[in-house]
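Written below as structure tokens is the structure these notes are about.
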Amino acid sequence: MTTYSSGTPVAAVRLSSARRTAVDRAGDPILRGLTWLASAVAIVLFVALVYKVCDLAGESFSHYGLSFIGRETWNPNPSTKTYGFGAADFLFGTAVTSFFALLIAAPTSVAIALFLTELAPRRARRPVATLVELLAAIPSVVLGLWGLIVLAPIMSSTIEPALHAVLGWIPLFSGTPSSVGILTGVVILTIMTVPIVSAVMHELFGTVPGELKEAALALGATRWEMVRMVMLPYARSGMVGAVILGLGRALGEAIAVALVVGNADAIHTSLFEPGSTLASHIAAEYQGATTSLQISSLAYLAVILLALSVIANLIARLIARRAPLRLGAGVGGPE
Amino acid sequence: MSPPAPTATLAGRLMGDVRLRRRRALNRTMETVATLAAVAAVVVLAVVFVSVVIKGIGAINLDFLIHSEVPFGQSGGGIANAIVGTIVLVALASAMAIPVGILVGLHASEFARPRTAAAVRFALDLLNGVPTIVTGIFVFGLLVVGHTQSGYAGAFALAIVMLPIVARAAQEVLSLVPATVREGALALGATRWRAVVRVVLPTASSGLITGALLAVARAAGETAPLLFTSSILTTTGVSTNPGQTLVSIPLRIYQLAEGTSPSEHSEAWAAALLLILAVLAINVVARALYGRTRARMAAMQ
């Protein structure tokens, strides 16, 4: 800690206590101050972020007010008559892609989490859980590239024709199959949300008391009956929280979706058609913004997106506070 | 099954059998579904990884790694400038986010009252939930409007993405440091800050490194925060000057993927291979370290 050049032990002790008064007394308040400052930075950053994004959207907000949300135009060419901006197309795209992605991801995640807690051989648990989580570590741009070049052609040649043949009578699956489009975006978002949702659910199922499960099994329930009658009811509210957390992720994904969703500002009933989400549209226009109203309108889209994801996060956390789980920022997995 | 009651008829017993068989069949079906779901997730990971490797490996060679991109229409060119740009951006972002993040963690574990700590944790969770494209818009408004895009702005945006990851990991791992270890240091006469620097931080070190590594891996793969902050290139050569815009590997992949020519796509795959290898490697190391910390903490308690 401290090196002494000379002197008797007593002198050394004296020296060290003298140093303590000088340095160490200052050290405590300094460290306390620094850590306090760092925490303040975290809070201020969030507040500043909300303020600044709203501030940027000011011009568009004073121009359109709340009617921006319902406007279906996005025409950035100021010399045309229909020049103007609105969020409706992208809100629709965001709602549809996120809804269907979660519709697939939620049951899949429950199944994966059940496999990991109940079925997997003890030795396989860790590796499989890690692999599923690594899926979340793939950079979104890489997943987007894969979606665009590998998945999209398969969608148009195989998956969408098959869906159309079987379910074509539902308007969602009418129309001509296409490579990029809403459905391709849904698949990519599903791939991105499953690891997050299933990791939280895995943790959640781990908290179900063993006695309850054993009691059900001892009464003659099959494993599935035990899951349905004991585990799922016990974990229900936490599962809702996990799905909403996944929703927050799906809403905000920009790059991967921008690459596969087709980037059309239009509302179609068919999932095969191209569309756009709030996030993907902002990403797609990063070089094309020319007028200040257009930039401000992009910020307006960002405000809506921010509001949606903050609300999703708040709800997830409110539920989580009552449910036995932590929705941490995520270091490693459960166990 | 329980032994048949004396009154049970043959039909009744058979029905019981049928019901049991049905329950067992349902159970088997559900077990199969769950297993298939897990298999599917692993298969998707494998398919994505293998396609990136297969498509990327052919386009990676020394020229690709040591040359910068060339103007549109010319053949050849590489991603040297994007590699260097990514390293500079992520290093700068780490220099901002990691110290602050660890201090936030220390605040919660050493100084803050539970309520304050909860408020900070809440802010971090909200910050973590902000879509990264919105973070990009924020930094655009804060640092780019009225100035120009720059590596500093891009790194700042990445730092905002990293901060909640580092800080939440630090909070979590520092709270695992046994109180006895801390009290031992204080009882030996150490002041608070010495106890922190010489005992608490070293005890938690591998967990802190885990958080930092996960954040680095995340930042290295992020595109969205850079779109509005460091995407309009001023030079195409290798640059380490964050005062100018710096191109990064994810951004380059995004631009190449949006292109239409096969050569652009093969460059995109090669860049994607580099990126995915780096990111997965960092993740694997981070997870291994985290396992060690947990084991160590458990042994201390």
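Six or more apart or on different chains, Cβ under 9 Å: which pairs go from a residue in the range A:277-292 that's assigned by TED's automatic domain parsing to the domain that holds A:Val260 and touching a residue at least 12 places away in the same chain (Cβ under 8 Å) to one that's outside any loop (DSSP other than H, G, I, E, B) and of a type in the set (D, E, K, R)? Could you list them?
Hits for this filter: A:His281/A:Asp89; A:Ala284/B:Glu258; A:Ser292/A:Glu59.
Please work out which residue is farthest from B:Arg198 (Cα to Cα), limiting yourself to the range B:111-131 and to residues that are more than 7 Å from chain A (Cβ to nearest Cβ) and in contact (Cβ under 8 Å) with a residue 40 or more places away in the chain.
Checking each candidate, the answer is B:Arg121.
Every residue, every condition in (1) modelled with pLDDT under 90; (2) surrounded by fewer than 17 Cβ atoms within 10 Å (Cβ to Cβ), yes or no:
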| site | (1), (2) |
| --- | --- |
| A:Ala48 | no, yes |
| A:Glu59 | yes, no |
| A:Pro78 | yes, yes |
| A:Gly84 | yes, no |
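Taking only pairs six or more apart or across chains, which ones have beta-carbon atoms under 8 Å, a first residue in the range B:209-223 that is more than 7 Å from every other protein chain (Cβ to nearest Cβ), and a second residue that is modelled with pLDDT of 90 or more and not in a helix (DSSP H, G or I)?
B:Ala220/A:Pro139; B:Glu222/A:Pro139
Just one of B:Asn283, B:Asn241 is out of contact with any Phe, Trp or Tyr (no Cβ under 7 Å at 6 or more places or on another chain), in contact (Cβ under 8 Å) with a residue 60 or more places away in the chain, among the polar types (S, T, N, Q) and within 9 Å of chain A (Cβ to nearest Cβ); which is it?
Result of the check over B:Asn283, B:Asn241: B:Asn283.
I need the full set of residues from the range B:212-228 which are under 30 Å from B:Val284 (Cα atoms) and not in a helix (DSSP H, G or I), in order please. Let's see the steps before the verdict.
Step one: list which residues in the range B:212-228 are under 30 Å from B:Val284 (Cα atoms), which gives B:212-227.
Hits for the range B:212-228 are B:Glu222, B:Thr223.
So which residues in the range A:79-123 are within 9 Å of chain B (Cβ to nearest Cβ) and either touching a Gly at 6+ places or on another chain (Cβ under 6 Å) or in a helix (DSSP H, G or I) (or both)?
Within the range A:79-123, A:Pro107, A:Thr108, A:Ser109, A:Val110, A:Ala111, A:Ile112, A:Ala113, A:Leu114, A:Phe115, A:Leu116, A:Glu118, A:Leu119 qualify.
Collect the residues in the range B:247-283 that are of a type in the set (Phe, Trp, Tyr) and more than 21 Å from B:Gly237 (Cβ to Cβ), keeping them in residue-number order. I'd like the intermediate steps shown before the answer.
Looking only at the range B:247-283, we keep the residues that are of a type in the set (Phe, Trp, Tyr), and these are B:254, B:269.
Correct list: B:Trp269 only.
Do we have A:Ala256 as among the aliphatic types (A, V, I, L, M) and under 26 Å from B:Val134 (Cα atoms) here?
Working: among the aliphatic types (A, V, I, L, M): yes; under 26 Å from B:Val134 (Cα atoms): yes.
When the stated conditions are applied, A:Ala256 passes them.
Can you name the residue in the range B:17-35 that is in contact with a helix residue (DSSP H, G or I) (Cβ under 9 Å, 6 or more places away or on another chain) and more than 10 Å from A:Ile112 (Cβ to Cβ) and is also surrounded by the fewest Cβ atoms within 10 Å (Cβ to Cβ) among such residues? Write out each step before concluding.
Filtering the range B:17-35 down to residues in contact with a helix residue (DSSP H, G or I) (Cβ under 9 Å, 6 or more places away or on another chain) leaves B:23, B:26-31, B:33-35.
Now drop any that are not more than 10 Å from A:Ile112 (Cβ to Cβ), which leaves B:23, B:26-31, B:33.
On the way: B:Arg23: 15, B:Leu26: 14, B:Asn27: 17, B:Arg28: 13, B:Thr29: 11, B:Met30: 19, B:Glu31: 19, B:Val33: 16.
Out of the qualifying residues, it is B:Thr29.
Go through (1) surrounded by 15 or more Cβ atoms within 10 Å (Cβ to Cβ); (2) farther than 30 Å from B:Gln255 by Cβ; (3) within 14 Å of chain B (Cβ to nearest Cβ) for A:Tyr64 and report which single condition fails.
Going through (1) surrounded by 15 or more Cβ atoms within 10 Å (Cβ to Cβ); (2) farther than 30 Å from B:Gln255 by Cβ; (3) within 14 Å of chain B (Cβ to nearest Cβ) one by one, A:Tyr64 breaks only (3).
Output yes when any residue across the range A:135-152 is closer than 16 Å to B:Ala288 by Cα, facing another protein chain (nearest Cβ under 9 Å) and in a helix (DSSP H, G or I), and no when none is.
Yes - at least one qualifying residue is present in the range A:135-152.
Identify the residue in the range B:172-189 that is farther than 21 Å from B:Thr210 by Cβ and of a type in the set (Gly, Ala, Ser) and, among all such residues, is modelled with the lowest pLDDT.
B:Gly189
Which fully enclosed helices (runs of 4 or more DSSP H) of the range A:155-238 have 1 or more residues being touching a residue at least 60 places away in the same chain (Cβ under 8 Å) and within 13 Å of chain B (Cβ to nearest Cβ)? Quick ask: steps written out before the conclusion?
On the way: elements: A:160-167, A:182-205, A:210-218, A:223-226.
In the range A:155-238, the matching helices (runs of 4 or more DSSP H) lie at A:182-205, A:223-226.
Would a scan of the range B:32-39 turn up a residue that is in contact with a Lys or Arg (Cβ under 8 Å, 6 or more places away or on another chain), without any contact (Cβ under 8 Å) to a residue 60 or more places away in the chain and either within 11 Å of chain A (Cβ to nearest Cβ) or not polar (S, T, N, Q) (or both)? It would help to see each step written out before you state the result.
Residues of the range B:32-39 in contact with a Lys or Arg (Cβ under 8 Å, 6 or more places away or on another chain): none.
No, the range B:32-39 contains no residue that is in contact with a Lys or Arg (Cβ under 8 Å, 6 or more places away or on another chain), without any contact (Cβ under 8 Å) to a residue 60 or more places away in the chain and either within 11 Å of chain A (Cβ to nearest Cβ) or not polar (S, T, N, Q) (or both).
Out of all the residues in the range B:245-254, is one or more surrounded by fewer than 24 Cβ atoms within 10 Å (Cβ to Cβ) and either farther than 20 Å from B:Ile66 by Cα or touching a helix residue (DSSP H, G or I) at 6+ places or on another chain (Cβ under 6 Å) (or both)?
Looking for residues that are surrounded by fewer than 24 Cβ atoms within 10 Å (Cβ to Cβ) and either farther than 20 Å from B:Ile66 by Cα or touching a helix residue (DSSP H, G or I) at 6+ places or on another chain (Cβ under 6 Å) (or both), one finds none in the range B:245-254, hence no.
Only one of these conditions is not met by A:Met201: (1) over 24 Å from B:Val130 (Cα atoms); (2) buried (at least 24 other Cβ atoms within 10 Å of the Cβ); (3) of a type outside the set (Ser, Thr, Tyr). Which number is it?
So A:Met201 meets the others, but not (1).
A quick yes/no check of all residues on (1) among the acidic types (Asp, Glu); (2) at pLDDT below 85:
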| residue | (1), (2) |
| --- | --- |
| A:Glu273 | yes, yes |
| A:Gln287 | no, yes |
| A:Thr291 | no, yes |
| A:Ser296 | no, no |
| A:Ala299 | no, no |
| A:Arg317 | no, yes |
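The values are calculated or read from the model by the stated rules, or taken from the named source; none is laboratory data. Bear in mind the structure is a predicted one, so any value in this text is a computation, not a measurement. So basically every Cβ, Gly included, is an ideal-geometry build from the backbone, and we count neighbours across all protein chains shown.
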